[in-house]
Amino acid sequence: MTTHAAASTPLGFGSMRRKEDARFLRGAGRYLDDIVLPGMLHAAILRSPYAHARIVSVDTSAAEAHPKVEAVITGETLAGLGLAWMPTLSHDVQAVLATDKVRFQGQEVAFVVAEDRYAARDALGLIEVEYEPLPAVVDATHALDPDAPVIRDDLHRTDNHIFDWEAGDAAATDEVFSRADVVAECDLLYPRSHPAPMETCGSIASMDPVSGKLTVHTTTQAPHAHRTVYALVAGIPEHKIQVIAPDIGGGFGNKVGIYPGYVCAVVGSIVTGRPVKWVEDRSENLMSTSFARDYHMHGEIAATKDGTLLGVRVKVLADHGAFNGTAQPSKLPAGLFHVFSGSYDLRAAHCSVTGVYTNKCPGGVAYACSFRITEAVYLIERLVDVLARDQGWDPAELRMKNLIRPEQFPYRTALGWEYDSGNYPKTLRTALDLAGYAELRREQAEKRARGELMGIGVSFFTEAVGAGPRKHMDILGLGMADGAELRVHPTGKAVLRLSCMTQGQGHQTTFAQIVAEELGISPDDVEVVQGDTDQTPFGLGTYGSRSTPVSGAATALVARKVRERARIVASAMLEVAPSDLEFVKGRFEVRGDPAASASMAEIAMAAHSALELPEGVEGHLDATCVYNPPNLTYPCGAYVCVVDVDPGTGQVTVRRFVAVDDCGVRINPMVVEGQIHGGLADGIGMALMEALAFDPDGNHLGASFMDYLLPTALECPSWELGETVTPSPHHPIGAKGVGESATVGSPPAVVNAVLDAIGVRHADMPLTPAQVWRAMQGRPLRTDLSVT
Ligand code: MCN
Ligand code: CUN
């Protein structure tokens, strides 16, 4: 593990300790549940015990009679206000509170507002709901059976089909396959998983009956997007809505969407005239907020007999649960899945994705995923390994032979994406060298001879982050530009206001470093303001690792605007033409006379003073910027995982993990490495432990951390990190996003390692001891269902 000298504060890029940590380490963070507003009430949600049932009646009279209950809201109450259904970010509607039917276990049925949280919970038990249970569709592979119960009769659907989506050239791909010497195919399930942030989701709505202003404190990664959704759903004008995201205890994609509890809290506040707090518990979080993955993939890969990869063909069945929810760029119903040609120079590729409804909780996209790239990378990286195994080729060599070459960038993929930059062979070579790949293979052969199971897994990934260019993406019709505002005070201290929202990524520090780099002031002198729509410019927030690619670019550009304003002021101060000034180490110097210079602090004071400025030049240095990304940024990485497997129990130990990431220019290498450490732990969790499984009736089998296992330090080795740096050519500071890279790239490395150890062609994640043991017996399980 690298250690970083973080004693002194750099004036720009470099490792420095996170400014926010002093507050967090002292327990002075202020999370949603810490907020107590005067007169605040507390809410709880009654949830469906059934995965699929008709609601015959809801009797709330006993709950309403509870002395501490202030309001009981049902689907009927909401229907009267036109709020029983809300739009999802994927062009569907979701029930806020069920009226006709419940469609997944844990669905919201009634909302109780009471004097305290205990009374609200107690009163849930007083609500009588009569259900008429219906057969449930749990297994996505049977969702389109002719006799499958129809889930979305509200949409007048006659089956459970949501969409069919295709990408790539089918005819060209078929042609490539017909000419191939070898084809390998594989069925893979990327099981349903959950972001499971440490802090669950919640909201406090406060409608001021006098001013008509709605204030919503909420756990959101995208405050401005939430405000627009509230405006569209509730019909309250945006200038009368303030969304405030306090400190967020982890998001990982879980806090992108708007959940029924948030809408109910608003209604609860309108009805009672008092602030209403709703915070979910762990089981509610795991059962009813956005899951991720749940992709059933059939992939084929074609190659020549000398190991040149030619093409990939994929069919996907996507289980979206009962409502097609969470954010999904609306022009791309399968998210960014169709970057599945990965990091290889392929002639052709084609995928078709079919989305289906099932009686499971909605969501389907977000969990440190870059919107389905996780699934895409897993698919291609498993297919390459399966092909290598079938043909007796070395999986690292096969990758090296087929990686996109540095001189091919910008590289247009067979699916039409333009990768901006990279040196893939160098990245893979760095990882293999760091791991000592050849030596590891020798060690493995020796161990095999002794009957010991050691496995080496390699993966290479290309991420696509920084949503996004208008031609590809929008959310609710909103283009994905983000704003930045930079104010410089007379003493040279600055305030940067951003639309993105940190949830643990260290934005308070890293965005201050971008300003510091551009203006030559200390990052300690830059305050970063986020998370309050009244205080920050519009933008779509933090997900898809877009903060650095989009808000980071906006920050660099707004700082450059400030710098150019400072140049004019400095030219008046130093009595030279602006073009005679050079910006050197944070000062404007007169060319040829470095003794004549002015620092940013001196210039800032002068800008606010009585100094005579040239005609038409405004005083002050403040500036604003809106950044429209011209393309996504494409970070990449090469990972090598070494595992030992206990032949008797199937227990996997990850012995080593080497990760070489290229995210372009690193603003704060220590923060980047922290992001990678977290993502690698995520990957180990996905590969070995995590899956939300269901029984045939749709009962959720992972509603607590007793059943839904998360990785801890015990399962993680000491990470071995390396880097390559290929700047993004279209980003003002050459940086690419990195927040999801390791989560995307690491699961196939772990799975490839385990299957390499046990000599099995494929078994689905999570590779629990039971699954590994069964795979060794040739009988791996379907991990999404409790019964197979
Ligand atoms: N960074 C850097 N140099 C780069 C790239 C990034 O120094 N070349 C820094 C950034 O300045 C930022 C951090 O690394 O402080 C992550 O940046 P970026 O890749 O832009 O990702 P975002 O800030 O947009 O964060 C979102 C991303 C996503 S989508 C998920 S999901 C996820 C992730 O970040 N959720 C997280 N990492 C997380 N980390 C924590 N602690 N908590 C979460 O909820
Ligand atoms: Cu896909 S999870 Mo992150 O983009 O918020």
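Residue-by-condition table, conditions (1) open to solvent by 10 Å² or more (accessible area, probe 1.4 Å); (2) of a type outside the set (Phe, Trp, Tyr); (3) within 16 Å of ligand 1 (Cβ to nearest atom):
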| site | (1), (2), (3) |
| --- | --- |
| Ala735 | no, yes, yes |
| Ser741 | no, yes, yes |
| Ser746 | no, yes, yes |
| Val750 | no, yes, no |
| Leu755 | no, yes, no |
| Arg761 | yes, yes, no |
| Leu767 | no, yes, no |
| Val772 | no, yes, no |
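Here is the figure for segment 567-589: residues that are out of contact with any Gly (no Cβ under 9 Å at 6 or more places or on another chain) and either touching a residue at least 60 places away in the same chain (Cβ under 8 Å) or of a type in the set (Lys, Arg) (or both) total 1. Residue selection: Gly457 satisfies the criterion of being small (Gly, Ala, Ser), touching a Pro at 6+ places or on another chain (Cβ under 9 Å) and in contact (Cβ under 8 Å) with a residue 40 or more places away in the chain.
Of the residues making up segment 162-182, just one is part of a loop (DSSP other than H, G, I, E, B), surrounded by 14 or more Cβ atoms within 10 Å (Cβ to Cβ) and of a type outside the set (Gly, Ala, Ser), namely Asp169. Say we look at segment 774-788 and pick out the residues that are open to solvent by 40 Å² or more (accessible area, probe 1.4 Å) and of a type in the set (A, V, I, L, M, F, W, C); which of these is farthest from Gly392 (Cα to Cα)? Ranking the qualifying residues of segment 774-788, first place goes to Val787. Screening Asp707 against (1) buried (at least 17 other Cβ atoms within 10 Å of the Cβ); (2) more than 16 Å from ligand 1 (Cβ to nearest atom) leaves a single unmet condition, (1). The set of residues from segment 191-243 being under 24 Å from the mean Cα position of the chain (by Cα) and of a type in the set (Asp, Glu) comprises just one member, Glu199.
Just one of the listed residues (Phe323, Phe371) is within 17 Å of the chain's Cα centre (by Cα) and either assigned by TED's automatic domain parsing to the domain that holds Gly737 or in a loop (DSSP other than H, G, I, E, B) (or both), namely Phe371.
Taken over segment 497-536, residues that are closer than 26 Å to Phe583 by Cα and of a type in the set (Val, Ile, Thr) amount to 7.
Is it true that Gly455 is open to solvent by less than 30 Å² (accessible area, probe 1.4 Å) and either of a type outside the set (A, V, I, L, M, F, W, C) or within 15 Å of ligand 1 (Cβ to nearest atom) (or both)? Yes.
Just one of the numbered conditions (1) out of contact with any Cys (no Cβ under 8 Å at 6 or more places or on another chain); (2) away from ligand 1 (no atom under 15 Å from the Cβ); (3) farther than 22 Å from Ile258 by Cα is not true of Leu478: (3).
Of all residue pairs spaced 6 or more apart or on separate chains, those with beta-carbon atoms under 7 Å, a first member in segment 667-679 that is open to solvent by less than 10 Å² (accessible area, probe 1.4 Å) and a second member that is away from ligand 2 (no atom under 16 Å from the Cβ) and part of a helix (DSSP H, G or I) are Asn668/Thr509; Asn668/Thr510; Asn668/Gln513. The single condition among (1) open to solvent by 20 Å² or more (accessible area, probe 1.4 Å); (2) in contact (Cβ under 8 Å) with a residue 40 or more places away in the chain; (3) aliphatic (A, V, I, L, M) that Leu714 does not meet is (2). Within segment 546-562, can one find any residue that is assigned to a helix (DSSP H, G or I), surrounded by fewer than 21 Cβ atoms within 10 Å (Cβ to Cβ) and among the charged types (D, E, K, R)? The answer is yes, given that some residue of segment 546-562 is assigned to a helix (DSSP H, G or I), surrounded by fewer than 21 Cβ atoms within 10 Å (Cβ to Cβ) and among the charged types (D, E, K, R). For segment 481-526, a residue qualifies if it is within 12 Å of ligand 1 (Cβ to nearest atom) and among the charged types (D, E, K, R), and the qualifying residues are Asp482, Glu517.
For segment 403-430, which positions are in contact with a helix residue (DSSP H, G or I) (Cβ under 8 Å, 6 or more places away or on another chain) and open to solvent by less than 30 Å² (accessible area, probe 1.4 Å)? Once the filter is applied, which keeps residues that are in contact with a helix residue (DSSP H, G or I) (Cβ under 8 Å, 6 or more places away or on another chain) and open to solvent by less than 30 Å² (accessible area, probe 1.4 Å), segment 403-430 yields Leu403, Ile404, Thr413, Leu415, Trp417, Gly422, Tyr424, Leu428.
Quick one: count up the residues across segment 111-156 that are touching a residue at least 40 places away in the same chain (Cβ under 8 Å), part of a loop (DSSP other than H, G, I, E, B) and not acidic (Asp, Glu). Counting residues in segment 111-156 that are touching a residue at least 40 places away in the same chain (Cβ under 8 Å), part of a loop (DSSP other than H, G, I, E, B) and not acidic (Asp, Glu) gives 12. Residue under question is Phe337, and the condition is that it be among the hydrophobic types (A, V, I, L, M, F, W, C), away from ligand 1 (no atom under 16 Å from the Cβ), closer than 16 Å to Pro748 by Cα and outside the structural domain of Met686 (by TED's automatic domain parsing); does it hold? Against the criterion (among the hydrophobic types (A, V, I, L, M, F, W, C), away from ligand 1 (no atom under 16 Å from the Cβ), closer than 16 Å to Pro748 by Cα and outside the structural domain of Met686 (by TED's automatic domain parsing)), Phe337 qualifies.
All conditions but one from (1) open to solvent by less than 30 Å² (accessible area, probe 1.4 Å); (2) within 30 Å of Pro195 (Cβ to Cβ) apply to Ile603; the one that does not is (2). Within segment 222-238, residues that are of a type in the set (Phe, Trp, Tyr) reach no partner that is surrounded by fewer than 16 Cβ atoms within 10 Å (Cβ to Cβ) and part of a loop (DSSP other than H, G, I, E, B) with beta carbons closer than 8 Å at six or more positions or on different chains.
Within segment 499-509, identify whether any single residue is assigned by TED's automatic domain parsing to the domain that holds Asp646 and open to solvent by 10 Å² or more (accessible area, probe 1.4 Å), and answer yes or no. No, segment 499-509 contains no residue that is assigned by TED's automatic domain parsing to the domain that holds Asp646 and open to solvent by 10 Å² or more (accessible area, probe 1.4 Å).
Which of the residues belonging to segment 503-545 are of a type in the set (S, T, N, Q), touching a helix residue (DSSP H, G or I) at 6+ places or on another chain (Cβ under 7 Å) and outside any helix (DSSP H, G or I)? Within segment 503-545, Gln505, Ser522, Gln530, Thr533 qualify. Being under 21 Å from Ala598 (Cβ atoms), of a type in the set (Ser, Thr, Tyr) and not in a loop (DSSP other than H, G, I, E, B) is a property that holds for Ser571. Scanning segment 32-48 for residues that are within 19 Å of Thr289 (Cα to Cα) and part of a strand (DSSP E or B) returns Ala43, Ala44, Ile45, Leu46, Arg47.
Flag set for Ala51, criterion: within 32 Å of the chain's Cα centre (by Cα), of a type outside the set (Ser, Thr, Tyr) and open to solvent by less than 60 Å² (accessible area, probe 1.4 Å). Among the residues of segment 412-423, are any within 21 Å of Val744 (Cβ to Cβ), β-branched (Val, Ile, Thr) and in a loop (DSSP other than H, G, I, E, B)? Yes, that holds for at least one residue.
Considering only residues in segment 528-545 that are of a type in the set (A, V, I, L, M) and open to solvent by less than 20 Å² (accessible area, probe 1.4 Å), the one that is nearest to ligand 2 (Cβ to nearest atom) turns out to be Leu540. Flag not set for Ser352, criterion: at pLDDT below 95, more than 16 Å from ligand 1 (Cβ to nearest atom), open to solvent by 10 Å² or more (accessible area, probe 1.4 Å) and outside the structural domain of Leu710 (by TED's automatic domain parsing).
The values are calculated or read from the model by the stated rules, or taken from the named source; none is laboratory data. No experiment lies behind these values; they were computed from the predicted model shown. When we count neighbours, we look across all protein chains shown, and the Cβ atoms used for this are built from the backbone with ideal geometry, even at glycine. Areas reflect the complete protein model, heavy atoms only, side chains present, ligands, DNA and RNA absent. Shrake-Rupley method; radii C 1.70, N 1.55, O 1.52, S 1.80 Å.
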